[in-house]
1. Run down MET277, MET252 and say which single residue is under 21 Å from ARG117 (Cα atoms), touching a residue at least 12 places away in the same chain (Cβ under 8 Å), crowded, with 16+ Cβ neighbours inside 10 Å and out of contact with any Ser or Thr (no Cβ under 8 Å at 6 or more places or on another chain).
2. Being part of a helix (DSSP H, G or I), of a type outside the set (A, V, I, L, M), in contact with a Leu (Cβ under 9 Å, 6 or more places away or on another chain) and crowded, with 16+ Cβ neighbours inside 10 Å: is that true of GLY165 here?
3. In region 7-98, which helices (runs of 4 or more DSSP H) lie fully inside it and hold 3 or more residues that are over 20 Å from ARG159 (Cβ atoms)?
4. Filter region 168-180 for residues that are polar (S, T, N, Q) and open to solvent by less than 70 Å² (accessible area, probe 1.4 Å); which is modelled with the highest pLDDT?
5. If the requirement is being of a type outside the set (Lys, Arg), surrounded by fewer than 16 Cβ atoms within 10 Å (Cβ to Cβ), at positive phi and modelled with pLDDT of 80 or more, which of these qualifies: GLY112, GLY130?
6. Could you list, in sequence order, the residues of region 90-109 that are at pLDDT below 75 and over 21 Å from GLY7 (Cα atoms)?
7. For region 227-241, how many residues meet the condition of being open to solvent by 10 Å² or more (accessible area, probe 1.4 Å) and out of contact with any Gly (no Cβ under 9 Å at 6 or more places or on another chain)?
Amino acid sequence: IMGMALGIIPLFLGQQLSGFLSLENQNKLTTVAGVTYILVNLVLNYLFVAVFKMGTFGLALATALGLWTFALVQLQYYIRGKSLLRLQFRKIKWNEIAEIFKIGVPGALSFGYQALRGLIVNMLTLSFVGSVGVSAFTASNSFLCLFWAIPSGMLAVSRMLISIGVGEEDRESLQNLMRIMFFRYLPLMSAIAALLIAAAVPMTHLYYQDPGDPVFQMTVWGFRILPLSMPLSIICMHFVCYAQVSGKKLLMHTLPLVDGVLGAAIPTALLIPLMGMNSVYWASVINGIVTTVIDL
C-alpha cells in the first residue's frame, strides 16, 4: 500500500495528459510513454524483487516509479512549451465543478468497488486455498498490471473522442470509434494476451524457482487465465466512458458495480470450493463476459 500510494499522483496526471495529447496529434508520444512504462516496470521488478529482495514493497514501488516515468515522458511536451493547449487557472469555470464531480463519481466508486472485491477475494482465498494462493495471485496480478497500461492508453484516446462526438451530436464519429474499438483494439489486445499466456512459465520464474512448489503452478495458471479478461475489459471501459459522457445514469452506475465487485466476487464465492485457486482467475474472465453482455 505504501509503495502504490507513491504512484497515485502520476496515475492521475498520466491519464489526463494522454487524453489531451491525442487532441494535439501526439499519440506517438503517448505510445512511447506506455512502452517506457512497461520497460521501466520490467527492469525495476527484476531489480527490486530478484536482486534487492524487496518483496511486495518492491513490486509496488516498481509500479509507482513506472507511473512517474509514464507521466513525465508526456509532461515534457508541455514543459517545452510546444503545446497548443495550456492550463490557465484564471479561465477555469468553477461553476462546472459540481457537474464534473457528478460525472466522475461512478468512476471513482469503481476503485472503491475494486478494493472491496480485493478484500472479499483475499478472504475467500485464505479460507479455501491459504496464503500461497494470495501470494500466487499477487505475483501474477501485479506483473500483469504492467500490461493494463495498454487498454488504459486506448481508452485515454477514446475518452476524448467520445466526449467530442457526444458534444457535437456526431453519431457517425461515435459509431466509427466503436468500430475501431471492436476491429482494432480488441484484436491487438487479444494478440498481447496470447503472448502473455505463452510466456506464463518464464514470467513465473521471475518470482518462484521451484516448479514443484504449489505456489509456482498457481502463479503459472494466473498468467495463463487472467490475460483472457484483458480484451473483454476494453469493451467495458469504453461503454462506461460512453455512459458517463452521455449521461446514461443507470448504465454508468451499474457497470462499475458489476465490474468492480459483483462480477468477480460472486463467481469466486461459488466456484472456489470446487476449483480452488483457479476459480479466482476464472472469475475475472466471467466478470468480463457478464459486463460485455450488459454492454451489448
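1. Values: MET277 fails: out of contact with any Ser or Thr (no Cβ under 8 Å at 6 or more places or on another chain).
After applying the criteria, what remains is MET252.
2. Details: part of a helix (DSSP H, G or I): yes; of a type outside the set (A, V, I, L, M): yes; in contact with a Leu (Cβ under 9 Å, 6 or more places away or on another chain): yes; crowded, with 16+ Cβ neighbours inside 10 Å: yes.
Against the criterion (part of a helix (DSSP H, G or I), of a type outside the set (A, V, I, L, M), in contact with a Leu (Cβ under 9 Å, 6 or more places away or on another chain) and crowded, with 16+ Cβ neighbours inside 10 Å), GLY165 qualifies.
3. Details: elements: 8-23, 27-45, 55-79.
It comes to 27-45, 55-79.
4. Step one: of region 168-180, the residues polar (S, T, N, Q) are 173, 175-176.
Of the ones still in play, those that are also open to solvent by less than 70 Å² (accessible area, probe 1.4 Å) are 173, 176.
Numbers: SER173: 75, ASN176: 81.
Among those residues, the one meeting the criterion is ASN176.
5. GLY130
6. Matches in region 90-109: ILE103, PRO106.
7. Matching residues across region 227-241 total 2.
The values are calculated or read from the model by the stated rules, or taken from the named source; none is laboratory data. Just so you know, these numbers come straight off a predicted model, no measurement behind them. No Cβ is skipped: glycine too gets one built from the backbone with ideal geometry, and neighbour counts run over all protein chains shown. These accessible areas exclude ligands, DNA and RNA; they are computed on the full protein's heavy atoms, side chains included. Shrake-Rupley method; radii C 1.70, N 1.55, O 1.52, S 1.80 Å.
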